[in-house]
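The values are calculated or read from the model by the stated rules, or taken from the named source; none is laboratory data. Note that the coordinates shown come from a computational prediction; the quantities given were computed from them, not determined experimentally. Glycine also receives a Cβ, built like all others from the backbone with ideal geometry; neighbour counts cover every protein chain displayed.
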Amino acid sequence: MNEKQMREKLAELAQRMQELAEKDRLTDEEQTEFDTISAERADVKARLDRAVAARQAIEDAANADASQPTGPQRQSLVPPETPTDDQRQSQPRIVHHRSKPLRGFATEEAAYRSGRWFMGVVLGDAESRQWCEEHGALAPEQRTLSTVANTLGGALVIPEFERAIVDLREQYGVFRQKARYTPMGSDTLTVPRRTGGLTAYFVDENAENTPSDKEWNQVKLTARKLACLTKYSTELAEDAIIDIAGDLAQEIAYAFSVKEDQCGFLGTGTSTYGGISGLITELTTATASTVTAATGNTAFSTLDLTDFEAMIGKLPAYPGINPEWYIHKSAWAASMMRLLDAAGGNTVMELQGRRTPQFLGYPVNFVQVMNSTLTAQTSTYGLCYFGDLSMAAAFGERRGIRIRTTDQRYFEYDQFGIQGTERIDINIHDVGDTSNAGPMVMLATPGS
């Protein structure tokens, strides 16, 4: 659709939404229709915004070209010939004034290089491809290719872009940060795990000493492919290169981080989670690692210090353990923050500024995929966790990010698809059992 058609479509959708909104009560079908129209309207609005921005960028570029003098005085964005290494290092980088902060990139130069790589290698823009070759913005495998096709089935990202994705993914993804990270050199990896230690015995003089053995078993990681697919407009202006790279890095990182946290904390072993069983599933069967809140404490607003202190008391004192809290931010505000404020002793700085989350002497991690229901809920597991995630879980990564594109799937929208993939696995291997708590304990609400 062009701009006029999109504006007409928005007006049509708004009219129907108004008709539904004026009704005193909606049927289930009407409510579903209202929600569907609302989502469609948001999609059309976003496409219209992109179309307007692209048109404005083209007009700005045309006006800028018209105002430039012709002849030898005019400067070119691309050098007329391949520079030497010394010249390349001394050349000024092309950056653009920005009103928005960079996300994930250390400098605008890194974002610009990533944007050029994206347009040249992923989208096949010849000018940007040439720029990448001249400025060392290609992965080694890409430098040997005469075209932008990648024989490995996807474009290998350059270090600046991969680093931005990793930084953002670690910023968003709690599980990846806190579990034991294990690089995988093959599709499957077995890691030895200590299950029992040596035993000391008192012995009489000249008596035989009783032997004991250190016990081991295996933690197995199997690489699973995780993919995300998004759409981009084909009307991309050079002035938006930095924003293109930043937006793509943020979208891919966020999508992977959310799924990784969902698998690690909420995984049920089904296909939705790639067959991964998360903390809530494993700890539910290890009953000794579950603390049930006091009778009547069925909402975050009714939890008290005794409930959280019971979790601290339940956690074993393993050598080298570094326990931390894991909870949804809104749940933290309704429970832990409420208890801290009620305790008094707050300083002016704490009340006016942003506090580093701590509770009962231990750091607090916000996990936005966890339970955030603030009303009463009975017999509910996984309200929060306390313990050392690195002792309970292994996070394996077979390979990092690969990028692929298609200009066929969304042809009718004049958009192209971008797919990012990674190969990972999560194994919750130490949770205790029905008699002994493990390195992570979980809080549950009592039954009705």
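How many residues are closer than 30 Å to T190 by Cβ, modelled with pLDDT under 80 and not charged (D, E, K, R) if we restrict to the stretch 397-422?
Residues meeting the conditions: 2.
Give the number of residues within the stretch 400-448 that are part of a strand (DSSP E or B), surrounded by fewer than 22 Cβ atoms within 10 Å (Cβ to Cβ), of a type outside the set (A, V, I, L, M) and touching a residue at least 60 places away in the same chain (Cβ under 8 Å).
10
Scan the stretch 9-34 for residues that are surrounded by 12 or more Cβ atoms within 10 Å (Cβ to Cβ) and not hydrophobic (A, V, I, L, M, F, W, C) and jot them down.
Passing the criteria: K9, E12, R16, E30, Q31, E33.
Do we find that T284 is polar (S, T, N, Q), at pLDDT below 95 and in a helix (DSSP H, G or I) in this structure?
yes
Could you count how many residues in the stretch 294-323 are more than 14 Å from P446 (Cα to Cα), outside any helix (DSSP H, G or I) and free of Cβ contacts under 8 Å to residues at least 40 places away in the same chain?
Going through the stretch 294-323 one residue at a time, the tally reaches 3.
Looking at (1) in contact with a Phe, Trp or Tyr (Cβ under 8 Å, 6 or more places away or on another chain); (2) modelled with pLDDT under 90, which one does D261 not meet, given that it meets all the others?
The one condition D261 does not meet is (2).
Go through the stretch 180-215 and give me each residue that's at pLDDT 70 or above and within 20 Å of L389 (Cα to Cα).
R180, Y181, T182, P183, M184, L189, T190, V191
Using the structure shown, decide if A39 is modelled with pLDDT of 80 or more, of a type in the set (G, A, S), more than 15 Å from D414 (Cβ to Cβ) and not in a loop (DSSP other than H, G, I, E, B).
Here the answer is no, as A39 does not meet what is asked.
So how many residues does the stretch 287-307 have that are within 19 Å of G387 (Cβ to Cβ) and under 28 Å from the mean Cα position of the chain (by Cα)?
Total meeting the criteria: 2.
Let me spell it out: the conditions are (1) touching a helix residue (DSSP H, G or I) at 6+ places or on another chain (Cβ under 9 Å); (2) aliphatic (A, V, I, L, M); (3) assigned to a helix (DSSP H, G or I), and V291 meets all of them except one. Which number is the exception?
Every condition holds for V291 apart from (3).
Being farther than 18 Å from A394 by Cβ, surrounded by fewer than 22 Cβ atoms within 10 Å (Cβ to Cβ) and either modelled with pLDDT of 90 or more or not small (G, A, S) (or both) is the filter here; which residues of the stretch 226-243 pass it?
Answer for the stretch 226-243, where residues must be farther than 18 Å from A394 by Cβ, surrounded by fewer than 22 Cβ atoms within 10 Å (Cβ to Cβ) and either modelled with pLDDT of 90 or more or not small (G, A, S) (or both): C228, L229, T230, K231, Y232, T234, E235, L236, E238, D239, D243.
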